[in-house]
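Okay, structure first, notes after.
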């Protein structure tokens, strides 16, 4: 037992690094009280080291800590996504007027960001129901606090409170679903054992349906899928932009990783023989992929339709991120490794374009203090570089060539058509067209409207521009040269214990 | 795999016990165990009903305590000593104190202030709880034959402090450690929220 735990530790260095960083960032904050920025640098360094250690883990497929956590290419992929967005968020925070306005509490801000990252690292690898709940809670608790963090204003507190209440409710529902599943499978907590139990002794399909719907409620909340999305617009609007961006990318990625792993391992018919490689089928009598397909249609349609009416950029991007969750859910409904790989490709792309869009919103709000669509009037003339970058991000979010967003959508739709899900592909395509409307609305404000008379050009510092370039260049580059991310995603679709 | 679920074996204790005690019941030899099961069961259901129907929050809280104690007794009668004590210590002790504090701070003494109007929320709530009840009945009463056999033979061995401690520091060592990080994050978060001042 001791040996096994020690061996597991060796495969667990990224997470250990983060746990140490979490404590260290707090300690540094206490010791060097007058220099709160220091703990942010410690936190940033810790995340960088954890990414380096994650890269070292690439290709390993192993189960650690007596089956609690899987270290496999799938988990490694999502750890890289979560870790790199954490780094971007730390860099954003260095230039965010909102975050820097509460300098005193920068220590808690940085350390909780690390705790949240750790929670998400655990979420993407969890193969045990207990670990799933614990890691969701670690991520959740840190993000509730961060959402209501910097502004000493009521909307930020409202965001935090809403997030907590919805979070508690959804975790409660999920736990209830888990308890039913636990009873149905004779006390299995390991998702592989759940699958074995379900395959060998078929259970009541209605009970299984109820259990999985409740679990979807918990995970759907994390990825803000309709109808569990109610918190999203308010929290995204009230939270500091850096946290909003982190929630919309990393939190969603971790939620998706857990959703995909749980359904792909627990609820497929693993005894089926004679299937083509990379295709799986659902348990008999329980076609959960139809539930996922319906969820995806609801999510993208509602997200896109409501986004059309939004005048606050953060709210607009909130609904747009709901819609993107819908597109990605389509990839899971297909039940093939190709679909999963398409979701992974989408996540790489989504990380750059969505973080980029939020970063521009942050830069503009630093100068103008507003996130309203009217404050973007003539932005293209006041600061051409920022304006053009925003156009690139929005074109990419809408999924038009030659940007990376097009590649993301292309692979999702290709895998849908491949699996003969024509109607779902059509719904997705119609949705993309709707989304174009509200993205273009912002672009029109930036370039076709004159700026207000008393507003001069906006100047940004060199590091701010460099950081923006770090997001713009991949968004354009991956639209043209996409084979590396496709290869990487295909290699990362492999999970522990699935052949 | 067996070891995985041992710590949570109380549930199995529950299931085995329940089926054996019902058998006993029909064989018309009412043992002390069955008597306790039905008495405590009735008390817990009754107090739960009383709790949601009382108008005064203080009365609701008191019935909730009674409910916790009845549940604790049920756990004890199913040989889950540890869970029984934790139930009393954590729920009836700590969590109830929190409830009473909140009631005191909110000063809900005047129950007429509470909204008593008939709203769609209530209908949805009632519908949901009815759904859950039906589902429970369905799962436990009608699909018994489909339930896989329990992984454990001796429910009596599972609920002891030794066994739970053993599991906690071997199979469940890792989640146990993660809990410490979770608590640290929660403490930091609580401090942040408490320090916050609103305009």
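Rule-based calculations on the coordinates, nothing more; no lab input. Just so we're clear, the structure is a prediction, and the values are computed from it rather than from any experiment. When we count neighbours, we look across all protein chains shown, and the Cβ atoms used for this are built from the backbone with ideal geometry, even at glycine.
Tabulated results
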quantity	calculated
Net lengthening on full extension, residue A:429/residue A:385 (0.36 nm per residue, minus Cα-Cα)	12.8 nm
Residue A:453 versus residue A:312: modelled label distance in nm, points set 7 Å from Cα along the beta carbon direction	3.0 nm
Part-to-part distance (alpha-carbon centres) for the range A:89-154 and the range A:374-396, which is given in Å	29 Å
Rounded FRET efficiency, nearest 0.05, which uses the C-beta distance separating residue A:97 from residue A:4 and R0 of 45 Å	0.35
For residues of A:181-191, the mean tally of beta carbons on other chains within 10 Å	6
Projected label distance in nm at residue A:470 and residue B:191, using a 7 Å step from Cα toward the beta-carbon	2.9 nm
Helical contribution to [θ] at 222 nm, DSSP H n ≥ 4, -39,500 (n - 2.57), averaged over the protein assembly as shown, rounded to 500	-23500 deg cm²/dmol
Span from the the range A:170-238 Cα centroid across to the the range A:330-352 one, whole angstrom	21 Å
Rounded tilt (10° steps) of A:422-447 against the dominant C-alpha axis of chain A	20 degrees
Fewest-first ranking of A:322, B:86, using other Cβ atoms within 10 Å as the exposure measure	B:86, A:322
A:116, A:446 arranged by Cβ crowding within 10 Å, fewest neighbours leading	A:446, A:116
Average other protein chain Cβ within 10 Å of Cβ, residues A:135-144	4
Sorted by Cβ density within 10 Å, fewest first, the residues A:449, B:55, A:196	B:55, A:449, A:196
Estimated D of the range A:331-450 in µm² per second, where Rh is the Kirkwood radius over Cα pairs and Stokes-Einstein applies at 4 °C, 1.567 mPa s	85 µm²/s
Principal axes of the protein assembly as shown: Cα extent on each, largest first, Å	90, 67, 54
Pairwise label distance in nanometres, residue B:42 with residue A:287, each label 7 Å out on the Cα-Cβ vector	4.9 nm
Segment residue A:209-residue A:45, length gained on full extension (0.36 nm per residue, minus Cα span)	54.6 nm
Computed P(r) (all Cα pairs; the range B:31-115; 5 Å bins; percent)	3, 15, 20, 21, 16, 11, 7, 4, 2, 0
Angle between chain A longest axis and helix A:252-266 axis [Cα atoms, degrees, rounded to 10]	10 degrees
Computed E for residue A:483/residue A:199 - FRET, C-beta separation, R0 30 angstrom, nearest 0.05	0.20
Shielding by other protein chains, A:109-122, mean Cβ within 10 Å	2
